[in-house]
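Read through the structure below, which is laid out as structure tokens, and then see the notes.
The values are calculated or read from the model by the stated rules, or taken from the named source; none is laboratory data. Only a predicted model underlies this, so the values are computations on that prediction, with no experimental measurement involved. No Cβ is skipped: glycine too gets one built from the backbone with ideal geometry, and neighbour counts run over all protein chains shown. Keep in mind that these areas ignore ligands, DNA and RNA; they rest on the heavy atoms of the full protein, side chains included. Shrake-Rupley method; radii C 1.70, N 1.55, O 1.52, S 1.80 Å.
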Amino acid sequence: MPIMKRRNFLQASLASAITMPTFALEKDNPYRKNIGIQLYTLRNQINKDVKGTLKAVAEAGYRQVEAYGFPDAGPMIQAAKENGLAVHSSHFAWESVTNPRKEGVPDFRMILEKAKDNGLTHLVIPYLHGHERKTLDDYKRVAEKINEAARKADNLGIRLAYHNHAFEFQPLKEARTGYDVFTEEFGPEMFFEVDVFWVKVGGVEPVKLIEEQAGRVTQLHLKDLKAGMKLPNYGGVPDDAFQELGDGIIPMEPIIKAASKAGVVHCHVEQDQSPDPIASINQSLQHLNTL
């Protein structure tokens, strides 16, 4: 998105935020009306029964889904649309951007064309391998490649974003982090998808980050963190660290209020690990509906 487009987008978002009710999740709240689910939450169920799983998502009350594994996400996208669920965004094979010469990696232009054919308006880089992020210079090299890809996506009306984990917030040199590098280096066409769980695990307050990145955050992942976890933690976490919304230590209402002021377009519930994902997504949505 050119600088002027981004400025107009932010101004429009801020103008709409002024009319938002004080209570963040009133019935006409845009995030409530169009709440999404990142389908990675239900990956095991999707592998067994994609149609039945997407039907359960719709019956739970979700209005949109974010796919994963694009361009190999056709069946879940089709099943979502058949159940009346919007599909605006997908995580995709990110090495098509960061390591395009690797054998077996799909061509990024093909991914863009297929995304356009599927009606997607957002594509998200979901992760970085360890060898892609050892130093600040590594992050800078990755940022250069991502910026090039973001310009190509922008030409087709698709917003490219980067999804964080906790490792980006680890100080690497003189207290600077990989996320600092991305914040400084990403061009006006490149955005962030903020995962509030991993932000918190990385020792940063999600509301503060969203406020600081106003105009640069297109989507949020809403998930909760078990109480008593040692923070910050830049590595992995146990499965039970992932909690249904309302059962952990991350209050959602302030995050959603910050999102409305910062111009966030979509919010998606996600729970990386759960013994019963269908029950979990129902519980999390019920929590949002009680705020």
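State all residues of the range 23-59 that are part of a helix (DSSP H, G or I), more than 11 Å from Asn83 (Cα to Cα) and open to solvent by 30 Å² or more (accessible area, probe 1.4 Å); if no residue qualifies, say none.
Pro30, Arg32, Lys33, Tyr40, Arg43, Asn44, Gln45, Asn47, Lys48, Val50
Lys223 passes all but one of (1) in contact with a helix residue (DSSP H, G or I) (Cβ under 8 Å, 6 or more places away or on another chain); (2) over 18 Å from Asn164 (Cα atoms); which number fails?
Result: Lys223 passes all but (2).
In the range 248-291, which residue that is among the small types (Gly, Ala, Ser) and in a loop (DSSP other than H, G, I, E, B) is least open to solvent (accessible area, probe 1.4 Å)?
Filtering the range 248-291 for residues that are among the small types (Gly, Ala, Ser) and in a loop (DSSP other than H, G, I, E, B), the one least open to solvent (accessible area, probe 1.4 Å) comes out as Gly263.
Kindly evaluate Leu10 against the criterion of being modelled with pLDDT of 50 or more, open to solvent by less than 60 Å² (accessible area, probe 1.4 Å) and in a helix (DSSP H, G or I).
no
In the range 148-190, which residues are outside any loop (DSSP other than H, G, I, E, B) and either over 19 Å from Arg133 (Cβ atoms) or of a type in the set (Ser, Thr, Tyr) (or both)?
Arg151, Lys152, Ala153, Asp154, Asn155, Arg159, Tyr162, Thr177, Tyr179, Thr183, listed by residue number.
Kindly indicate whether any position in the range 223-241 is touching a Cys at 6+ places or on another chain (Cβ under 8 Å), within 30 Å of Asp154 (Cα to Cα) and outside any helix (DSSP H, G or I).
no
Return the residue satisfying two criteria in turn: it lies in the range 158-175 and is at negative phi and among the aliphatic types (A, V, I, L, M), and of such residues it is surrounded by the most Cβ atoms within 10 Å (Cβ to Cβ).
So, considering only residues that are at negative phi and among the aliphatic types (A, V, I, L, M), the one surrounded by the most Cβ atoms within 10 Å (Cβ to Cβ) is Leu160.
May I ask you to list the residues in the range 60-99 that are free of Cβ contacts under 8 Å to residues at least 40 places away in the same chain, outside any helix (DSSP H, G or I) and either open to solvent by 20 Å² or more (accessible area, probe 1.4 Å) or out of contact with any strand residue (DSSP E or B) (no Cβ under 8 Å at 6 or more places or on another chain) (or both)?
Arg63, Gly69, Asp72, Asn83, Gly84, Ala93, Trp94, Asn99
Given Glu168, Glu205, which one is in contact with a Lys or Arg (Cβ under 9 Å, 6 or more places away or on another chain), among the charged types (D, E, K, R) and free of Cβ contacts under 8 Å to residues at least 60 places away in the same chain?
Glu168
Across the range 184-195, what is the number of residues that are in contact with a helix residue (DSSP H, G or I) (Cβ under 8 Å, 6 or more places away or on another chain), within 16 Å of Ala214 (Cβ to Cβ) and not hydrophobic (A, V, I, L, M, F, W, C)?
1
From the residues in the range 125-143 that are loosely packed, with under 12 Cβ neighbours inside 10 Å and in contact with an Asp or Glu (Cβ under 9 Å, 6 or more places away or on another chain), which one is farthest from Val97 (Cα to Cα)?
Here the answer is His131.
Each row is one residue, and each column tells you yes or no for (1) among the basic types (Lys, Arg); (2) modelled with pLDDT of 95 or more; (3) open to solvent by 30 Å² or more (accessible area, probe 1.4 Å); (4) under 28 Å from Ala227 (Cβ atoms).
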position: Ala149; (1), (2), (3), (4): no, yes, no, no
position: Leu156; (1), (2), (3), (4): no, yes, yes, no
position: Thr177; (1), (2), (3), (4): no, yes, no, yes
position: Phe182; (1), (2), (3), (4): no, yes, no, no
position: Leu209; (1), (2), (3), (4): no, yes, no, yes
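Applying the selection to the range 184-218, what residues are over 16 Å from the mean Cα position of the chain (by Cα) and under 25 Å from Arg151 (Cβ atoms)?
Answer for the range 184-218, where residues must be over 16 Å from the mean Cα position of the chain (by Cα) and under 25 Å from Arg151 (Cβ atoms): Glu184, Glu185, Phe186, Gly187, Pro188, Glu189, Glu212.
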